[in-house]
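Heads up, the thing below is written out as structure tokens.
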Amino acid sequence: MATAQAQAKIAIPNDLEPYWMPFTANRAFKKRPKMIVGAKDMHYISSDGRRLMDGAAGLWCTNAGHNRAPIVEAIQREAATLDYAPAFQFSHPKAFELASRVAALAPADLDHVFFCNSGSEAVDTALKIALAYHNVRGNASRVRLIGRVRGYHGVGFGGIAVGGIVNNRKQFGALFAGVDHLITTYDREKQAFSIGEPEWGAHLADDLDRLVGLHDASTIAAVIVEPVAASTGVLPPPKGYLERLRAICDKHGILLIFDEVITGFGRLGYPFAAERYGVVPDMITFAKGVTSGAVPMGGVIVRKGIYDAFMKGPEHVVELFHGYTYSAHPLACASGLAALDVYREERLFERSRKLEGAWAEAAMRLKGLPNVLDIRTVGLTVGIDLASKPDAVGKRGLEALEAGFFEHDFMFRAVGDTLALSPPLIVSEIQIDEMFDKLARIIKAVA
Ligand SMILES: Cc1ncc(COP(=O)(O)O)c(C=O)c1O
């Protein structure tokens, strides 16, 4: 019987049913699969052999473009040289080399790097470091974590607790105790169709003072925000907002964490958004672009004072009881080093900065098309809010995604009825025009 079952499985090698897809309408996908079988530079190849323009750098991650030879070859070499080295009490040279390279890209004294395998792990790692930091300094009452409404910090329990997206929270019980949220920085009435950072809204950072008034600073460990809340629809920070948040954190001894899983590695024209905004957080979380998406990797960059606070006591004792089997995996490190080389040699962060104006101008051409309620651009990203269909939130977004894939050879993100673009940083001006022309036709098609 077991053999018959096994044979039956062999006879159906590509049954779509067993794979429970993440953040996907599974039944809709399986009725009409959008299957990708290859990629090169700015394009994906679909299973029916079409070349599709990648408007989203995969999932905001393949910043150097797809299947870049130096990255592919570095991974191949590493796989044949060192498949794995234990992450605890042993290591390998590329882990140290990559930590040095990443730290060198970060501002000020953000100079120590803890590696993990995803953005979600990076966030949970940063939250744990924040709690442990206060603990080792004798401030054990600082246990509260502050996120923000409409924040996305991955899907770990810590990340969904500080996150502010209702669908990601509502099915998962009481979450993590002792968490509160700042109000969102987005107000369509005041900010609609802003290019870059909106003029209105710096004062929204003062909401942290409200939370300090409510909970007392002595109970608050850290605040975590995305410099640009990307996954929730690209919400750039109002001018002056992040500076003000930093000042309030400083006043109260609260750590400030920038979740740069998307904003890192050139998306906003700089290695990190911290540099674009001239604000130095206490920790930066990163993932995605560090390897240009080719091998999973994430991490946390911490300021020297945080690392040093742990380096006390007997030297044979583990300082932080935290880590992953695959922290600084050799393949991820090789991919990361090669990706950083490509970014540097092709000056891709600068390229992203230079293209920002043309990108924003092309995006704003969609203003006035049917159902377009707002367009927000910053760096090489855009969020376009479409009006929802009556009683069917998300349906227009999904229809746009499908029209893009099946009829216009174009892939992008749809979060509910918000369309989001974030192309690989190698995108050309001609391709930018092509993307927004396609998008205009798609928006009209789903009107
Ligand atoms: C800001 C931010 N944090 C965390 C994550 C989670 O990353 P991952 O999906 O690699 O766990 C994401 C993913 O988009 C993100 O945008």
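The values are calculated or read from the model by the stated rules, or taken from the named source; none is laboratory data. Source: prediction; values computed, not measured. Backbone-built Cβ (ideal geometry, glycine too); neighbour counts: all protein chains shown. Calculation scope for accessible area: heavy atoms of the full protein, side chains included, ligands and nucleic acids excluded. Shrake-Rupley method; radii C 1.70, N 1.55, O 1.52, S 1.80 Å.
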What are the ³J(HN,Hα) values, in whole Hz, obtained from phi via the Karplus relation 6.51 cos²θ - 1.76 cosθ + 1.60 with θ = phi - 60°, for each residue of the range 345-357 in sequence order, with x given for Gly and Pro?
5, 9, 6, 6, 5, 5, 4, 4, 5, 5, 7, 4, x
Using per-residue counts of other Cβ atoms within 10 Å, averaged over each peptide, order 278-285, 371-378, 101-108 from highest down.
278-285, 371-378, 101-108
Students sometimes get this wrong: rank Arg267, Arg441, Arg246, Arg77 by accessible area, probe 1.4 Å, all chains present, largest first.
Arg77, Arg441, Arg246, Arg267
Taking a ≥ b ≥ c as the square roots of the Cα gyration tensor eigenvalues, with a/c under 1.5 meaning rounded and otherwise prolate when a/b beats b/c or oblate if not, the range 267-330 comes out oblate
Between Phe90 and Leu373, 0.36 nm times their residue separation minus their Cα-Cα distance comes to what?
96.5 nm
If the chain between His322 and Ala174 were fully stretched, how many nm would it gain, using 0.36 nm times the residue separation less the Cα-Cα distance?
50.9 nm
GNM of the chain, Cα pairs under 10 angstrom: of Leu255, Leu131, Leu175, the biggest fluctuation goes to Leu175
Can you list the residues, at least 5 places off or on another chain, whose amide H is less than 5 Å from the amide H of Leu235, using H built in the peptide plane?
Ala229, Ala230
At what distance in angstrom do the alpha carbon centres of the range 418-447 and the range 392-406 lie from each other?
14 Å
Quick check: pseudo-label points 7 Å beyond the Cα along Cα→Cβ at Glu361 and Asp209, how many nm apart are they?
4.1 nm
Apply the Karplus curve 6.51 cos²θ - 1.76 cosθ + 1.60, θ = phi - 60°, to the phi angles in the range 394-399 and return the couplings in whole Hz, x for Gly and Pro.
x, 6, 5, x, 5, 5
Extending each Cα 7 Å along its Cβ direction at Ala447 and Arg51, get the distance between those two points in nm, one decimal.
3.1 nm
With every protein chain left in place, what is the accessible area per residue of the chain in square angstrom, probe 1.4 Å?
44 Å²
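Diagonalise the Cα gyration tensor of the range 52-134 and give the resulting equivalent ellipsoid semi-axes, square root of 5 times each eigenvalue, largest first, whole Å.
Whole-Å semi-axes of the equivalent ellipsoid: 26, 20, 14.
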Compare Trp200, Trp60, Trp20 in a GNM of the chain, Cα atoms joined below 10 Å, and give the one with the largest fluctuation.
Trp20
In order through the range 210-225: 3J(HN,Hα) via Karplus (6.51 cos²θ - 1.76 cosθ + 1.60), integer Hz, x for Gly, Pro:
4, 5, 5, x, 7, 9, 6, 4, 5, 9, 9, 8, 7, 10, 10, 9
I need the calculated FRET efficiency for the pair Ala247 and Asp341, taking r as the beta carbon distance and R₀ as 45 Å, to the nearest 0.05.
0.75
Given H placed on each backbone N at 1.01 Å, which residues far from Arg413 in sequence or on other chains put an amide H within less than 5 Å of it?
Ala420
Fluctuation leader among Phe115, Phe272, Phe90 - the chain, Gaussian network, Cα springs under 10 angstrom
Phe90
Rounded to the angstrom and largest first, Cα extents along the principal axes for the chain equal 62, 59, 51
Per 0.36 nm of contour for each residue apart, how much would the distance between Asp187 and Met311 grow if the chain were fully extended, relative to their Cα-Cα spacing?
40.2 nm
Amide H to amide H under 5 Å from Phe193: which residues, 5+ apart in sequence or cross-chain, H placed 1.01 Å off N in plane?
Ile375
Taking alpha-carbon centroids only, the range 318-368 lies from the range 264-286 a number of Å equal to 11 Å
With every protein chain left in place and a probe of 1.4 Å, what is the accessible surface of Lys128, to the nearest 10 Å²?
100 Å²
Average Cα contact separation per residue, the chain, under 8 Å, 6 or more apart, as relative contact order %:
21 percent
